[in-house]
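Rule-based calculations on the coordinates, nothing more; no lab input. As the structure is a prediction and not an experimental result, all values here were calculated from the model. As a convention, Cβ positions derive from the backbone with ideal geometry for all residues, glycine included, and neighbour counts pool all protein chains shown.
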Amino acid sequence: MFFGDDRDYQRIQEMKRNGMYAFATCYDIDWGLLLPCESGVVFEQQTDGCCCHHVYLEGVLTPLSRPIERTGTNLLVELQEANYHGRPTYAIWDRIRAVSAFWFTFIDAPPGMPPNQEWFQWILYHGHNPNNGMSVSIEGWKDQPIVLIYPNSD
């Protein structure tokens with residue numbers, strides 16, 4: 001399985017030229033789960049930026065519906081604003097978990113894997129939340145480390 005970050009820039013560019021992997025950006029995905037596994041597709045948050053730390057992870061991406069409160073509030077917009085202005089996000093994450101289609105807890109990055117950063121957060125997926133309508137159930141991934149992706153603030 002391939003993973004890395006922008007420090008591997010030359011290696012990544014060579015892989016792209018040689019067609020070793022398909023590279024896909026996560027930049028336009030607002031909310032989803034990235035399952036780390038050998039898939040032949042490497043996901044990156046942005047492409048070729050100059051002032052951002054980019055991480056790359058091979059896997060399967062599962063886009064999800066945005067977490068929206070009953071009032072119509074898009075919690076990802078609030079999260080993005082808080083991140084941009086450096087405000088605490090704990091209360092927003094509590095509200096996101098309350099309306100999420102799945103249960104999860106945050107964890108540190110597994111050894112040797114790309115680190116947590118804004119937009120790319122390792123979680124333990126605990127299964128779908130039957131209280132919130134649409135079910136998200138990923139067979140074989142319960143209590144396994146996966147990545148939650150969400151919008152960054154730039």
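Sequence gap at least 6, Cα distance under 8 Å: using those rules, report the relative contact order of the stretch 1-146 to the nearest whole percent.
Result for the stretch 1-146 is 18 percent.
Distance in nm between label sites at Tyr27 and Thr89, each 7 Å beyond Cα in the beta-carbon direction?
For the pair Tyr27/Thr89, the computed spacing is 1.9 nm.
Of all trypsin sites (Lys or Arg not before Pro) in the stretch 1-96, which ones are in loop regions per DSSP and have a Cβ with at most 13 other Cβ atoms within 10 Å?
Values: sites: Arg7, Arg11, Lys16, Arg17, Arg70, Arg95; in loops: Arg70.
Counting only loop positions with at most 13 other Cβ atoms within 10 Å, the trypsin sites (Lys or Arg not before Pro) in the stretch 1-96 are Arg70.
For the chain, which longest stretch is free of loop sites, where a loop site is one of the GluC sites (Glu not before Pro) that DSSP puts outside H, G, I, E and B and that has at most 12 other Cβ atoms within 10 Å? If you can, show how the numbers build up before the last one.
Values: sites that count: Glu38, Glu139.
Between exposed loop sites, the widest span is 39-138.
Give the residue from Thr105, Ala22, Leu57 lying farthest towards the positive end of the charge dipole for the chain; charges sit on Cβ (+1 for Lys and Arg, -1 for Asp and Glu) and the dipole is referred to the Cα centre.
Comparing the listed Cα positions along the dipole, Thr105 ranks first.
What do you get for the angle between helix 75-85 and the principal long axis of the chain? Use alpha-carbon atoms, 0 to 90 degrees, nearest ten.
Between the helix axis and the principal axis of the chain, the angle is about 60 degrees.
Grab the other residues whose beta carbon is less than 15 angstrom from that of His126, score K and R as +1, D and E as -1, and report the net. Write out the running numbers ahead of the final one.
On the way: positive: Arg97, Lys142; negative: Glu139, Asp143.
Combined, the nearby Lys, Arg, Asp and Glu give 0.
Treat every Asp and Glu Cβ in the chain as -1 and every Lys and Arg Cβ as +1, leave all other atoms uncharged, and give the resulting dipole magnitude about the Cα centre to the nearest 20 debye.
Rounded to the nearest 20 debye, it is 260 debye.
On a 0 to 90° scale, report how tilted helix 9-18 is relative to the longest principal axis of the chain, with both axes built from alpha carbons and the result rounded to the nearest 10.
Between helix and principal axis, roughly 80 degrees.
How far, in degrees from 0 to 90, does helix 90-99 lean away from the longest principal axis of the Cα atoms of the chain, to the nearest 10?
Once rounded, the angle reads 80 degrees.
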